[in-house]
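Below: the structure, in structure tokens.
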Ligand SMILES: [Ca+2]
Ligand SMILES: [Ca+2]
């Protein structure tokens with residue numbers, strides 16, 4: 001009986017493992033505003049397919065809509081734009097598409113762009129503000145996940161030490177510098193990391209750039 005149980009557990013484990021291996025994964029790598037007003041998005045995709053069906057949803061970020069598995073009427077009202085299409089996956093495992101954020105009418109609001117699709121269990125999100133045609137991000141959010149956490153401080157600290165260090169916000173906007181130079185002195189230093197760390201501990205804390 002014990003043997004049978006471990007055999008069943010073993011099979012379940014292998015099945016879970018296979019799902020993990022074959023499930024497609026998507027990660028937004030960059031978003032750039034084009035002269036046409038559209039936003040060009042590049043994503044890294046792991047998939048065995050040559051073509052990926054992509055679903056792009058944008059909505060206001062006021063409500064926590066981190067899980068779209070439970071789409072209530074309330075959430076449906078918040079969704080501004082939904083698009084679904086197929087894109088070819090490049091040899092570098094990248095996909096590229098454009099979307100028009102013209103529906104984002106308010107410069108006061110922050111919007112979420114969620115990219116998922118066929119076989120993708122975990123859609124990736126990009127959080128942006130549309131201020132008079134400029135895409136805006138949240139001050140201090142070095143990894144672009146719409147939260148200020150110790151991870152953002154860590155990225156900024158790494159960049160203070162090594163200028164070429166990786167930092168997700170660098171790929172999301174050409175104007176990334178102003179979002180991480182949170183003390184506004186024109187340099188990325190440990191002082192910026194410290195400001196962001198304080199903000200991560202106390203939400204009401206105002207970094208110099210927010211004052
Ligand atoms: Ca963050
Ligand atoms: Ca600074």
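The values are calculated or read from the model by the stated rules, or taken from the named source; none is laboratory data. Since this is a predicted model, take the numbers as computed values, not measurements. Here the Cβ is made from the backbone with ideal geometry for all residues, glycine too, and neighbour counts use every protein chain on show.
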Tell me, please, whether a residue that is surrounded by fewer than 14 Cβ atoms within 10 Å (Cβ to Cβ) and away from ligand 2 (no atom under 14 Å from the Cβ) can be found in the stretch 175-194. yes
Hey, among 160, 153, 191, which residue is touching a residue at least 40 places away in the same chain (Cβ under 8 Å) and more than 20 Å from residue 26 (Cβ to Cβ)? 153
Restricting the search to the stretch 98-117, which residues are surrounded by fewer than 17 Cβ atoms within 10 Å (Cβ to Cβ), in contact with a strand residue (DSSP E or B) (Cβ under 6 Å, 6 or more places away or on another chain) and free of Cβ contacts under 8 Å to residues at least 60 places away in the same chain? 103, 107, 109
Does the stretch 118-166 hold any residues that are more than 22 Å from residue 44 (Cα to Cα), modelled with pLDDT under 90 and surrounded by 16 or more Cβ atoms within 10 Å (Cβ to Cβ), and which are they? 129, 130, 136, 138
